[in-house]
Amino acid sequence: MIDVGNLIQGARIHGSLYRDPDVFERELNEIWYKVWVYVGHESEIPKPGDFVRRAIGRQPVIVVRGSDGKVNAFFNRCRHRGNMVCHAERGNTAVFTCPYHGWSYANTGALLQPTFEEGYDSNLQREDFALVPLPRVAAYRGLIFASVSPVGITLDEHLGGAKEFIDLFMDLSPVGTVSLRAGNQKVRYGGNWKFMPENSMEGDYHGPFIHKVAFDLHAKKTGFDVASLYENEVPDVIRSLPGGHMVEDYRGATIAPPKRPPSAARIAYAEAMKEAYGEEKAGRLLGTMAPLIYIFPNLMYLMTHIRVVQPVSVDETFVYYQPMMLDGVPNEINEERLRMHEFMFGAAGFISPDDIEIMERIQTAVNAGGNEWLFIGRGEHRDTIYPDGGSTGYTMDENHIRGFWKHYSGVMNAGA
Ligand code: FES
Ligand SMILES: [Fe+2]
């Protein structure tokens, strides 16, 4: 068996971690089928019968609000002969009917009707043939997580210190809730899934290079010059949290006031925030950029959207971008967020397509082999390490990526 520990040596990462199919199989078993994995947001399934089709690793999953109002996650596998009972990506239904031989299931999972039942004897008891629920489902601030494993730490323990940062972006809404109702943009890339969290949480280091055009345009448009963040590197921005989570924490970096006077919608938004959280907290929430965050292994929040990573094989990955709309704000504020999303992360945006291109290029190079050890050592000499094992670093440091790999190594070797 592969000893992943040998492939991760402090700030040196072996290229085979991105190309070896055996590593990928082990990731499925040790990560995707053990830990808490994000499967959807409550706003996607607000009404009884609403469902979304998702996956955890290779496992097809249905996340559904049953007629009883309870959110469940089921393996999307018919108890007859294994067909996926649900093929629609989303919808509303009281009954899932398997298209193969017509068995039907309630949206609470119960087997309603096996077809041509007179051909079965007592070997088919309906209660033994319900859709199989994922053993654990839990939510935090509307974010629904599930685990294929019946045992392990609680979701609360898994999120740990990350909850503070989730709260910060959720509290951009004066009513404290958000909606993923603006569509789901899907991207496929020919590269390993781990490139996505590594890349998504370090815009400051690679930004000046691959995103120069976008940053310059953004500064011109909004008056907020991202360059100011990396020209004056500041400590404690890049965070590694226990559990493999990563954060870009901009609470210390004030947003430059906009060049133009605020719109009526902006003024109304600021008022609603003041009303909800008080002047001091509202000022903090609106006066800094909300943190960018990665929750191990598949969930991210970046500026405008929730991003979800879905591994397909060792060198193929799907990514889903869902713009995050704030509840309780003027429409114009959400429209601004959408326009910003399109500008940066849309299919023809100025940011994401370049990141994706880089990931495919890295895959091409690591697939070929040769000078195998990749280096993630920036800032290692000046990390601030906390008693819980987390760390902070300067704006362009790689301490968070080192933290990710340290956690990954622990999880991958746990079952060894
Ligand atoms: S496989 Fe579903 S009804 Fe036969
Ligand atoms: Fe980027």
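The values are calculated or read from the model by the stated rules, or taken from the named source; none is laboratory data. These figures come from a predicted structure and were not determined experimentally. Methodologically, a virtual Cβ is constructed for each residue, glycine included, from the backbone with ideal geometry; neighbour enumeration extends over all protein chains shown. Remember, those area values only see protein heavy atoms, side chains included, never the ligands or the DNA or RNA. Shrake-Rupley method; radii C 1.70, N 1.55, O 1.52, S 1.80 Å.
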Inspect the stretch 75-87 for any residue being away from ligand 2 (no atom under 16 Å from the Cβ) and under 22 Å from residue 296 (Cα atoms) and give the result as yes or no.
yes
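Table: residues versus (1) in contact with a strand residue (DSSP E or B) (Cβ under 6 Å, 6 or more places away or on another chain); (2) open to solvent by 60 Å² or more (accessible area, probe 1.4 Å).
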position: 284; (1), (2): no, yes
position: 291; (1), (2): yes, no
position: 322; (1), (2): yes, no
position: 329; (1), (2): no, no
position: 354; (1), (2): no, yes
Report yes if some residue within the stretch 39-55 is open to solvent by 30 Å² or more (accessible area, probe 1.4 Å) and farther than 24 Å from residue 299 by Cβ; otherwise report no.
yes
For the stretch 142-165, indicate whether the set of residues that are without any contact (Cβ under 8 Å) to a residue 24 or more places away in the chain and either open to solvent by less than 20 Å² (accessible area, probe 1.4 Å) or within 16 Å of ligand 1 (Cβ to nearest atom) (or both) is non-empty.
no
Might you let me know whether the stretch 112-125 holds any residue that is away from ligand 2 (no atom under 16 Å from the Cβ), of a type outside the set (Asp, Glu), at positive phi and open to solvent by less than 80 Å² (accessible area, probe 1.4 Å)?
no
Helices (runs of 4 or more DSSP H) wholly in the stretch 149-204 with at least 2 residues that are in contact with an Asp or Glu (Cβ under 9 Å, 6 or more places away or on another chain) and not hydroxyl-bearing (Ser, Thr, Tyr) - which ones?
162-170, 195-200
Can you name the condition, by its number, that residue 124 falls short on among (1) over 30 Å from residue 327 (Cα atoms); (2) away from ligand 1 (no atom under 14 Å from the Cβ); (3) in a loop (DSSP other than H, G, I, E, B)?
(2)
Give the residue that is surrounded by the most Cβ atoms within 10 Å (Cβ to Cβ), with candidates limited to residues of the stretch 332-346 that are under 19 Å from residue 319 (Cβ atoms) and in contact with a helix residue (DSSP H, G or I) (Cβ under 7 Å, 6 or more places away or on another chain).
345
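Here is a yes/no grid of residues against (1) part of a helix (DSSP H, G or I); (2) closer than 30 Å to residue 21 by Cα; (3) open to solvent by less than 60 Å² (accessible area, probe 1.4 Å):
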| site | (1), (2), (3) |
| --- | --- |
| 367 | yes, yes, no |
| 371 | no, yes, no |
| 377 | no, yes, yes |
| 409 | yes, yes, yes |
